[in-house]
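Laboratory data are not the source of any read-out in this text; all were calculated from the coordinates shown. Just so it is clear, the model here is predicted, and its values are computed rather than measured. Glycine gets a Cβ as well: all are built from the backbone with ideal geometry, and neighbour counts include every protein chain shown.
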Amino acid sequence: MHTKKLHSVLDQAQKDLTYWLKVANVKSISEFFEKKEEIRQQSYHNYNDVLEHINFIKKLEAKLGTH
């Protein structure tokens with residue numbers, strides 16, 4: 001049950017990340033990092049929130065052994 005819930009949280013976190021990448025006007029995480037200075041300066045987007053979200057996903061994946 002615990003693993004199922006973690007997978008559910010991971011799925012939602014990945015969907016949320018997709019949304020934030022769209023807000024940042026990029027198509028991938030690598031493009032996000034390539035444009036990090038530009039994104040950081042955009043008033044409608046909080047770069048640090050996306051970094052925290054990426055780190056959250058990495059922690060979930062590590063717990064689940066999926067990455």
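Tabulated data
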| quantity | calculated |
| --- | --- |
| Residue check for LEU64: under 10 Å from the mean Cα position of the chain (by Cα) and surrounded by 11 or more Cβ atoms within 10 Å (Cβ to Cβ) | no |
| Selection within the stretch 37-61 - loosely packed, with under 15 Cβ neighbours inside 10 Å, without any contact (Cβ under 8 Å) to a residue 12 or more places away in the chain and more than 30 Å from LYS4 (Cβ to Cβ) | GLU37, GLU38, ARG40, GLN41, SER43, ASN48 |
| Hits in the stretch 13-25 (condition: within 17 Å of ASN55 (Cβ to Cβ) and either aliphatic (A, V, I, L, M) or over 10 Å from the mean Cα position of the chain (by Cα) (or both)) | ALA13, LEU17, LEU21, ALA24 |
| Any hit, the stretch 26-33, residues being over 10 Å from the mean Cα position of the chain (by Cα), hydrophobic (A, V, I, L, M, F, W, C) and exposed (fewer than 10 other Cβ atoms within 10 Å of the Cβ) | no |
